[in-house]
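Below is one structure, written out as structure tokens; comments come after it.
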Amino acid sequence: MRGFTAQCVCIDEAAFIPHLDVILQAISPTLTRDKNAELIFTTTPAGKNGKFYNIYKDAEYNDEWYI
């Protein structure tokens, strides 16, 4: 994604994506260039495990995320 700036990235079925943390690390530079950029997760539940669950739990206590 070098040289690309995204204003919105949508990750569908995020709870089922293996290595989601690696993917987020790869796309984060494209989102941090625009202060209005959005990262949207859509998913069905996959239990209380994985990176998506951790992000969801952190969002409950962090004003930078909304659920």
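Since every read-out is calculated from the coordinates, none of them should be taken as a lab result. Only a predicted model underlies this, so the values are computations on that prediction, with no experimental measurement involved. We place every Cβ from the backbone using ideal geometry, glycine too, and count neighbours over all the protein chains shown.
Counting pairs of alpha carbon atoms under 8 Å apart in space and at least six apart in sequence, what relative contact order in percent does the chain give?
Relative contact order, the chain: 39 percent.
Out of ILE27, GLY50, TRP65, whose Cα points farthest toward the positive end of the dipole of the chain (charges: +1 Lys, Arg; -1 Asp, Glu; placed on Cβ)?
About the Cα centre, the residue reaching furthest to the positive side is ILE27.
Rounded to whole Å and sorted largest first, list the principal axis extents of the Cα atoms in the chain.
36, 26, 15
For LYS35, list the lysines whose Cα falls under 28 Å from its own Cα; do not include residues on the same chain fewer than 8 positions away.
Partners found: LYS51, LYS57.
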